[in-house]
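This report concerns only the one structure given below.
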Amino acid sequence: TLSDRRSFMSIANKVIKPLPEYDLYNQHHRRTPTSNRAKLYAAILALEAQPWAEQGVDTLVVAGDLEYVVEGITDWVWRWRTQNWKKANGEAVLNVDLWKRLQQRLLELDDEGVRVKFWKVLRVKGN
């Protein structure tokens, strides 16, 4: 329980990270900011926020309401990678730079013994 001497500010804080304006692997390719790109980047930042394995963490849960991120990383991205980052209809996958970075971080965490689970949660209407 939270003691009288501690405030919530001592256990929770806000960090503002700007969304990359350019492709992470090609600084000449400008990226349009979208909510999909922002939520995908937020998942990456969460996984990069701490040296999780060094802190004894063996499982991380990333929960979000966006199918794009949850289905993308648990299913689609592994297929896209083998199809040279093309969707089933032949179109190029959007946000490849972020998908590659997220996939790489997941592989690093797996090598360190940290499992990552992605949970799709329902969006609350009106919020």
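The values are calculated or read from the model by the stated rules, or taken from the named source; none is laboratory data. No experiment lies behind these values; they were computed from the predicted model shown. Neighbour counts are summed over all protein chains in view; Cβ atoms, including those assigned to glycine, are modelled from backbone coordinates with ideal geometry. Surface accessibility is based on the protein's heavy atoms, side chains included, excluding ligands, DNA and RNA. Shrake-Rupley method; radii C 1.70, N 1.55, O 1.52, S 1.80 Å.
Annotations
- The stretch 55-86 - residue that is open to solvent by less than 70 Å² (accessible area, probe 1.4 Å) and charged (D, E, K, R) and, of those, modelled with the lowest pLDDT: Asp65
- The stretch 87-102, subset open to solvent by less than 80 Å² (accessible area, probe 1.4 Å) and among the hydrophobic types (A, V, I, L, M, F, W, C), residue nearest to Ala38 (Cα to Cα): Leu98
- In a residue-by-residue description of the stretch 36-43, the property of being small (Gly, Ala, Ser), open to solvent by less than 60 Å² (accessible area, probe 1.4 Å), over 20 Å from Arg115 (Cα atoms) and modelled with pLDDT under 70 applies to no position.
- In the set (1) at pLDDT 90 or above; (2) more than 19 Å from Lys17 (Cβ to Cβ); (3) not in a strand (DSSP E or B), Lys125 fails one condition alone, (1).
- Enumeration of residues in the stretch 71-88 that are touching a helix residue (DSSP H, G or I) at 6+ places or on another chain (Cβ under 9 Å) and of a type in the set (Val, Ile, Thr): Ile73, Val77
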